Amino acid sequence: MRHILVLLAVILMAKLTVAQTVEVCKTCPISTLKDGIAQAKDFDTIVVKKGTYKEHNVLVNKPLTIIGENYPVIDGELKGEIITVTSDNVTVDGLFIINVGNSYTADYAAIRVKNSKNFLIQNLVLEKLFFGIYIEKSRDGKVFHNKIIGEAVEEYNSGNGIQLWYSRNVQIEHNFVQHVRDGIYLEFSNDCVIKNNVSALNVRYGLHFMFSNDDSYEDNTFENNGAGVAVMFSKRIQMFNNIFKENWGTASYGLLLKEINDAEIVGNTFENNTIGINIEGSNRINYKHNTFSNNGWAIKVKGACYTNIFTENNFLYNSFDIAYNSKVNDNEFDKNYWSSYTGYDLDKNGIGDIPYRPVKLFSYIVNRTPETIILLRSMFIDIIDFSEKVSPVFTPDDLLDNNPQIKKLTW
Amino acid sequence: MRSRWSYVYFAFYLLLGVVLLFLNNDLSKAVITLMNVIIVLVPLIGTIFGVMYYYNSQEFTELLLAQPIKRSSIFLGQYLGVALSLSMSLILGLGIPFVFYGLFESSAIWDFSLLLITGTFLTLIFTALAFNIALSNENKIKGFGYAILLWLFLAVIYDGLFLMTLILFEDYPLDKVSLIGTMLNPIDLSRTLILLKLDISALLGYTGAVFKQFFGTSFGLIVSFVMLTIWVVMPVLRIVFKSKKKDF
């Protein structure tokens, strides 16, 4: 008898606590997502069946799991924000959200997470958007496997793909962002991890940090953006194994560092960018195991950069390896491989016997008079570069790689 | 032309191609090195061969002139003989090792064909210029001197003056000036053409609108080829004109 009572009690409790499933479809009793949310209790699951739902200003104010089956379309009809999450523990999964309203005064997003914890946004497809996923004053969340394709043309009237504002500890992984203003944008957001994303063809930056500390980004690909990644006014950012390629144009960089301190840049590939890395006012950064190939400028140092250490990088066939605009140097170059190194290695220890000077006189001239770029690779330029190499006058004379590698480095 | 010099020239390029590929093991780097060779050596060899051939065959030419043959066809024939055999040596000499190395499977094929095309243009231009110099100078030493000077001027000195001008007038908008300056020198023009392929990312670093239009689109390529063609046609016309009037 006691056993049966216990069993009954357990079943009853289970019945009370187990989440219900609320179904939303065009022919169901509940035919809109808004109704579904209104009907659901805390920790319920809402399953949205295939179909088109014309809704905007959907407020998720209780801990719910919203799952779309076969990508139901939530069409905002350009009327404003589509989904706003204000509760903790919300999951949104598998929706196709289109037609976010455009505005010059409000940042309408396809999905906004506001003051929330433990959220999970995954498998969404966003199109025709203003802002995509907007995480605001939230923490401990995940943004996985989303596909965001915008139609941005100009900076002033477009929004960002994934934006974090005053957020902490958010993981952004396996997202695919195209044709927006900034692919991923972090402002005042700390301890975030950005991994395995592809950010391409964006109007401004593939990834953009502002006043965000202790973040890391790894294994991402940034291709064909206005500029690949801009890291500004941030501390202790880790940048590992990313690919920056084909960021072409007059003000285009693979990576832009401005006022960055104590960062690690390891194992990245910079390929076919106008400028691989543009450094301004950045200190104590370690550059290691990066490959710079076929860039216009592999690294352009714009001043106020101290104690940066470049070791064991490959510099392959860049038009200019390093450009400096001053004669002062406090940065260290050591054990790199430079494809334009012409020295010899008599003792066969794999290290060139004469130091390599990565800054050419011509890069100094181009800095001064940009039009002279048209004389690149001319024989006259080779001659003056050679004479500068023999006795440096215009370029920092202590800027040397004392241990240039003879063979390309592999790790 | 059954000149053994063109065989020597052919052998030189063959050797160069083989050595470059053997040492570099990388097609795209070899193309960069080749560019340096083409914009410096090809004009030099074209100039020297042109002058040399003209002076060598001067007596035979005078004999031919006694025959009822049109003057323009004699001189044009000589010019084309030298220029085309030099171009063939260049194309075959460099082409053969690269083809064996697997050029057709490589993405560098367009860069490489562009190199050969500009090389051919440069040969045609500088041989024509050399013929002009030789036609105008009876004195061999003088002719050789002028020819070498011409090469030195276009290959090195011109760029030096150009650079000085750009730096002196750096306060003014210079993008048009620099493009025009390039157009006026066939060596610079060929260099720019090749740069359009190799260093486009660096070239796009400059903000001038004229530059952007030139380098960012195929406009630059077309204009450069038109200019190169003009550079061939002008001296050839002068050969025809000069040879008609010249008193032997």
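Quick notes
- Per-pair calculated FRET efficiency, R0 = 35 Å: A:Lys137 and A:Ala304 via Cβ, rounded to 0.05: 0.60
- What the Cβ-Cβ distance of B:Val226 and B:Val8 gives, at R0 = 35 Å and to the nearest 0.05, is a FRET efficiency of 0.55.
- Once Rg and the Kirkwood radius are both taken over the C-alpha atoms of the protein assembly as shown, their ratio Rg/Rh works out to 1.14.
- By the combined test of axial Cα extent (at least 15 Å) and Kyte-Doolittle hydropathy (mean at least -0.5), the qualifying DSSP H helices of chain A come to A:2-17, A:379-390.
- Using R0 = 41 Å, the C-beta based FRET efficiency linking B:Phe219 and A:Leu59 works out to 0.15.
- Per-residue Cβ neighbour rank within 10 angstrom, fewest leading, A:Arg284, A:Arg112: A:Arg284, A:Arg112
- Estimated [θ] at 222 nm from DSSP helical runs (n ≥ 4, -39500 (n - 2.57)) normalised by residues in chain B, nearest 500: -27500 deg cm²/dmol
- Of the DSSP H helices in chain B, those whose Cα atoms cover at least 24 Å axially and whose Kyte score averages -0.5 or more: B:4-24, B:27-56, B:71-101, B:109-136, B:219-245
- Neighbour-count ranking [beta-carbon atoms within 10 angstrom, fewest first] of B:Phe219, A:Phe43, A:Phe333: B:Phe219, A:Phe43, A:Phe333
- Shielding by other protein chains, B:158-166, mean Cβ within 10 Å: 5
- Sorted fewest first by neighbouring Cβ atoms within 10 angstrom, A:Asp397, A:Asp75 come out as A:Asp397, A:Asp75.
- For a 4.7 Å threshold on C-beta separation, the list of partnerless cysteines in the protein assembly as shown reads A:Cys192, A:Cys305.
- Residue by residue along B:191-201, Cβ atoms of other protein chains within 10 Å of the local Cβ number 5 on average.
- Approximate spin-label separation A:Trp411-B:Phe241, in nm, with each point projected 7 Å along Cα-to-Cβ: 6.3
- Largest mean-square fluctuation among A:Asn308, A:Asn202, A:Asn367, in a Gaussian network model of chain A whose springs join Cα atoms under 10 Å apart, belongs to A:Asn367.
- Extension gain, B:Tyr172 to B:Phe100: 0.36 nm times the residue separation minus the Cα-Cα distance gives 20.9 nm.
Taken together, the values in this text are just the output of simple stated rules run on the coordinates, not laboratory data. In this text the structure is predicted, and so the values were computed from the model without any measurement. Please note: Cβ atoms are built from the backbone with ideal geometry, for glycine as well, and neighbour counts cover all protein chains shown.
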